[in-house]
Amino acid sequence: MYDFIHDLDDYFCETYENYDKLVLLPGYKMPVMQATKVLENGRTYAYTLPSSTLKIANQEKKAEILAAAKERMVDLTFSFSFRTHSLFSRLRTKFAKYSFYKMFAKMRERYHVSDEDMLSQMEILPEIWKGICSGKYLPTKNFIFTFALVAQISMEDTKILLQLAGCTFDFRHVKDVVISYLLGKKVYNPAMVERALEEYKVSNLFFKKTETEA
């Protein structure tokens with residue numbers, strides 16, 4: 001297995017957008033956000049630089065700042081409870097042209113996903129899995145992330161499922177950055193996925209624990 005963590009680190013530095021936390025890290029140097037430009041008519045134009053200027057990738061000591069960020073990482077995106085659709089909502093979902101229920105069924109067919117495979121690799125009760133497949137339960141973002149990596153679906157299809165579930169990638173969260181890297185680079189190898197999640201302290205997903213973890 002090649003060491004891909006350095007590449008993930010570079011992606012994180014270029015992508016992570018929780019600037020409120022970044023500016024508080026030891027060694028972080030707040031950039032000057034105001035700039036000026038002299039126009040052709042001789043007038044001076046003042047403008048504010050984009051927020052992306054604050055990213056770790058633009059810091060001189062980005063390796064030290066990234067290390068400090070990793071030390072402070074805690075995954076608080078807990079979502080193991082599933083809300084149920086109301087009866088009206090379930091009927092509307094099943095008859096709608098575009099819905100998570102219908103698209104999830106298409107994705108399972110497209111990627112040859114069986115109930116047995118998913119239940120053997122995901123830490124989820126059979127009745128919950130069946131409830132999500134039938135449209136009874138609303139999927140969580142963590143569920144979709146786990147399903148995407150286990151079923152090895154593309155980034156584009158993952159975004160479709162997230163949108164239909166009322167979610168989106170939010171790069172203010174460490175987990176979203178790491179998952180987007182794995183999907184974008186098509187890193188589905190379980191050992192590599194586990195290595196990336198451990199490196200960035202990402203938890204609260206639905207992966208089945210190994211015997212050593214249990």
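Below, the figures for the structure above:
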| quantity | calculated |
| --- | --- |
| Calculated FRET value between residue 171 and residue 35, using beta carbons and R₀ = 35 Å, to 0.05 | 0.90 |
| Straight-distance crosslink candidates among aspartates and glutamates, where the alpha carbon sits under 13 Å from residue 21 and sequence neighbours closer than 8 are dropped | 71 |
| Helical mean residue ellipticity (222 nm; -39500 (n - 2.57) per DSSP H run of 4+; nearest 500) of the chain | -14000 deg cm²/dmol |
| Relative contact order (percent, whole number), the chain, Cα cutoff 8 Å, 6+ residue spacing | 25 |
| For peptides 68-77, 200-209, sequence by mean Cβ density within 10 Å, most packed first | 200-209, 68-77 |
| Estimated dipole of the chain in Debye, rounded to 20 [Cβ of Lys and Arg +1, of Asp and Glu -1, Cα centre] | 1060 |
| Above-threshold pairs, the threshold being 19 Å between Cα atoms, out of 159/185; 136/209; 70/209; 136/159; 29/55; 97/141 | 136/209; 70/209; 136/159; 97/141 |
| Cα-based Kirkwood hydrodynamic radius, the chain, one decimal, Å | 19.5 |
| Dipole magnitude of region 93-183 about its Cα centre (Cβ charges: Lys, Arg +1; Asp, Glu -1), debye to nearest 20 | 420 |
| Label-point gap, in nm, between residue 97 and residue 194 - each point 7 angstrom along Cα→Cβ | 4.5 |
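Only the coordinates and a few stated rules stand behind these numbers; no lab work does. Note that this is a predicted model, so its numbers are computed, not measured. Cβ: placed from backbone, ideal geometry, glycine included. Neighbour counts: every protein chain shown.
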